[in-house]
Amino acid sequence: MFQKILIANRGEIAVRIIRACREMGIKTVAVYSEADRDALHAQLADEAVCIGPAAPSESYLNMERILSATVATKAEAIHPGFGFLSENSRFVEMCEKCNVTFIGPSAAVIDRMGNKSEARKTMMEAGVPVVPGTKEPVYTAEEALEAAKEIGFPVMIKASSGGGGKGMRISESEADFSENFNTAQRESVNAFADNTMYLERYVARPRHVEVQIVGDRFGNVVQLGERDCSIQRRHQKMIEESPSCAITEETRKKMGETAVLAAKTVGYESAGTIEFLLADSGEFFFMEMNTRIQVEHPVTEFVSGVDLVKEQIRVAAGLPLSVKQEEIQMNGHAIECRINAENPAKNFMPCPGTIENLYIPGGNGVRIDTAVYNGYHIPPNYDSMIMKVIVHDRDRESAIAKMRSTLGEVIIEGVQTNLDFQYDILNQKDFLEGNVTTHFIEEHYE
Ligand code: MV4
């Protein structure tokens, strides 16, 4: 096992990783920017190294500085968390050159899955269901239109380097196709310097259901059930839960097996997520694979009892997974609400500032992942998510009741937050009935 791990991240996920390391008897090194001198992760770690100015490109995204800090502190491995360098294959290669273990999948797997059009083709060939559409990438509006006529309208035009909705356009008919294709492609060229596009039939009012998997280097892959992440706003998830109330036992089994097949097809090691689009027909289709630990991993930890970060560390050290599929039993229902320092009344504008009064609740089946404390100044340079409230109870109804009760106890003063907005969602009839699609927020609020 590793003696010392460097955490190349900040905020609640850095704290989450430090805790896993400490429980495993592993020393930790935090890195922090000049804006994060007072950040909790820098105080909780055994050592902390300042790696540069507030701008992410000068600190948390700066590969040379992070690797220098790793070598200087003699850490043997880097945990990247999510965001920042977590899905950067060049960084994985640089770690290898420095003899440092990257806690995550290989550079080759990150590249293969990061290219959405290639990932789609890989999955099609493996027999994983994908939305009907192109198998080979398209580059011009002319060839794309021919493909779109075959698929049938409406079609979804997607950028191969996209994800999170960037470089994505719906085309309703032949008449609007070329304009939408060109706009989506231009967006992709500007954002990712990549003109590679692909097409899918448009799936109306879908749900976002994803399966958590974890694999080791011996070829073992287990799945830890699904998460329903349909409650999103502009591709930012707000509420995640496990299990999904939208699928039958039969679909659940098939989806889990499909996720394992997808991961085994690429020889996946570490924690990863297979995202599916669930159509109202009950059919599901592979969308993308996320090759990192995700924000919403605690809901899976609650229902499965598996510590995903510890498993990541174990398998990166060359050990086998600590659990077999037959030993995994999913229990009860978990829900996560993401609390952001933002103003819902002002178009959810980020609202950095100083926390003047803070109360963090607890209780049976309550988990709060956060890195803020009383008097903490939230810097304006990073993500606005400041807290994750996660609850676990025997069924969905009890979990919703627990989440309402817990959110009601949270006190955050000094900055605007989406706490009240989250509370309101939990009282919406459609949410309570499990009537949620990816359009829930726009249909109920905007
Ligand atoms: C789709 C779709 C409908 N049909 N693909 C959005 C981001 C990317 N991960 C996939 N996305 C979608 N792809 C087809 N063929 C609808 C969406 C979509 C969506 C998906 C998941 C969660 C929220 C979403 C919000 C709007 C659109």
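So for region 123-193, what percent of the C-alpha to C-alpha distances run longer than 18 Å? Walk me through the intermediate numbers first.
Numbers: 913 of 2485 pairs.
Within region 123-193, distances greater than 18 Å cover 37 percent of Cα pairs.
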Practice task
Output the Kirkwood hydrodynamic radius of region 284-434, Cα pairs only, in Å rounded to one decimal.
Solution key: 17.3
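Mean residue ellipticity at 222 nm from the helices of the chain, using -39,500 (n - 2.57) per DSSP H segment of n ≥ 4 over the full residue count, to the nearest 500 deg cm²/dmol?
Values: 15 runs with 152 residues, N = 446.
-10000 deg cm²/dmol, from helical runs alone.
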Completion exercise
With +1 at each Lys and Arg Cβ and -1 at each Asp and Glu Cβ, the charge dipole magnitude of region 231-301 around its Cα centre, to the nearest 20 debye, comes out at 180
Problem - Residues with amide H under 5 Å from that of Tyr32, placed H, sequence gap 5 or more - result: Val49, Cys50, Ile51
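Given a 1.4 angstrom probe, what's the average accessible area per residue across the chain, in square angstrom? Write down the numbers at each step before the final one.
Working: 18420 Å² over 446 residues.
Spelled out: the 1.4 Å probe surface of the chain, per residue, equals 41 Å².
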Fill in the blank from the handout: For Ala371, other-chain or 5+-apart residues with amide H closer than 5 Å (H placed, Pro excluded) are Glu12
Exercise for the section: Roll a 1.4 angstrom probe over the protein heavy atoms and tell me the percent of accessible area of region 1-138 that is carbon or sulfur. Expected result: 48
Problem - Table column - 3J(HN,Hα) (Hz), region 62-79, Karplus curve with 6.51, -1.76, 1.60, x for Gly and Pro - result: 8, 5, 5, 5, 5, 5, 4, 5, 5, 5, 4, 9, 6, 7, 8, 8, 10, 9
Exercise for the section: Any aspartates and glutamates with Cα under 20 Å of the Lys97 Cα? List them, leaving off those in the same chain fewer than 8 positions away. Expected result: Glu64, Glu76, Glu87, Asp111, Glu269
Practice task
Please report, as a whole percent, how much of the solvent-accessible surface of region 141-194 comes from carbon and sulfur atoms (probe radius 1.4 Å).
Solution key: 45
Exercise for the section: For the chain, state the average projected area of the convex hull of the C-alpha atoms over all orientations, rounded to one decimal in nm². Expected result: 20.1
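Let me make sure I get this right: for region 285-324, a, b and c are the square roots of the gyration tensor eigenvalues over alpha carbons, sorted descending. Under 1.5 in a/c it's rounded, otherwise prolate if a/b > b/c, else oblate. Which is it?
Values: a/c = 1.91, a/b = 1.33, b/c = 1.44.
Because a/c hits 1.5 or more and a/b fails to exceed b/c, region 285-324 counts as oblate.
Nearest 0.05, what FRET efficiency do Ala126 and Lys254 give at R0 = 22 Å with Cβ-Cβ as r? Could you put the intermediate results ahead of the total?
Details: r = 15 Å, r/R0 = 0.67.
E between Ala126 and Lys254, to the nearest 0.05, is 0.90.
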Handout entry: Mean-position separation - Cα centroids, region 376-392 and region 393-420, in angstrom
Key = 15
Handout entry: Simple spin-label estimate for Leu432 and Asp38 in nanometres, 7 Å along Cα-Cβ
Key = 4.2
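Once the convex hull of the alpha carbons of region 22-180 is built, what does its volume come to per residue, in cubic angstrom? Could you put the intermediate results ahead of the total?
Details: hull volume 26.3 nm³, N = 159.
Value for region 22-180: 165 Å³ per residue.
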Problem - Which listed pairs, of Lys158/Lys346; Lys27/Lys237; Lys121/Lys264, have C-alpha distances above 23 Å, in listed order - result: Lys158/Lys346; Lys27/Lys237
Exercise for the section: Once you have all Cα-Cα distances for region 138-274, histogram them in 5 Å bins from zero and send the whole-percent values. Expected result: 2, 10, 16, 14, 15, 17, 14, 9, 3, 0, 0
Fill in the blank from the handout: For region 98-144, the percent of all C-alpha pairs falling in each 5 Å bin, from 0 up to the bin holding the max distance, is 5, 17, 21, 18, 14, 10, 6, 5, 3, 1
Practice task
Taking 7 Å along the Cα-to-C-beta vector as the label spot, tell me the Ala193-Asp280 distance in nanometres, rounded to one decimal.
Solution key: 4.4
Problem - Under-5 Å amide H pairs with Gly225, H placed in peptide plane, nonlocal only - result: Gln212
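Net charge near Ala191, counting Lys/Arg +1 and Asp/Glu -1 over other residues with Cβ under 14 Å of its Cβ?
Values: positive: Lys116, Lys158, Lys166, Arg169, Arg186; negative: Glu187, Asp194.
Result for the local shell: +3.
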Problem - Simple spin-label estimate for Glu58 and Tyr359 in nanometres, 7 Å along Cα-Cβ - result: 4.0
Handout entry: Cα point-scatterer Debye curve for region 244-373, base-10 log of I(q)/I(0) at q = 0.09, 0.13 Å⁻¹
Key = -0.38, -0.77
Handout entry: In sequence order, calculated HN-Hα J values of region 283-295 (Karplus, 6.51, -1.76, 1.60; Hz; x Gly/Pro)
Key = 6, 10, 9, 5, 10, 8, 10, 9, 9, 8, 6, 10, 3
Exercise for the section: Give, rounded to the nearest 20 debye, the magnitude of the charge dipole that the chain has about its Cα centre when Lys and Arg contribute +1 at Cβ and Asp and Glu contribute -1 at Cβ. Expected result: 980
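What value does region 348-446 have for Rg/Rh, both radii from Cα atoms and Rh as Kirkwood defines it? Numbers along the way, then the final one.
On the way: Rg = 14.7 Å, Rh = 14.9 Å.
Value, to two decimals: 0.99.
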Handout entry: Charge dipole magnitude, Cβ of K and R +1, D and E -1 - region 304-368, Cα centre, debye nearest 20
Key = 80
Fill in the blank from the handout: Within region 294-311, the residues whose backbone N lies under 16 Å from a label point placed 7 Å from the Cα of Asn331 along the Cα-to-Cβ direction are 299-308
Practice task
Calculate how large, on average over all directions, the projected area of the Cα convex hull of region 49-131 is; give the answer in nm² to one decimal.
Solution key: 6.6
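The values are calculated or read from the model by the stated rules, or taken from the named source; none is laboratory data. Note that the structure is predicted; figures quoted are calculated from it, not measured. Every residue, glycine as well, gets a Cβ built from its backbone with ideal geometry; the counts of neighbours run over all protein chains shown. Areas reflect the complete protein model, heavy atoms only, side chains present, ligands, DNA and RNA absent. Shrake-Rupley method; radii C 1.70, N 1.55, O 1.52, S 1.80 Å.
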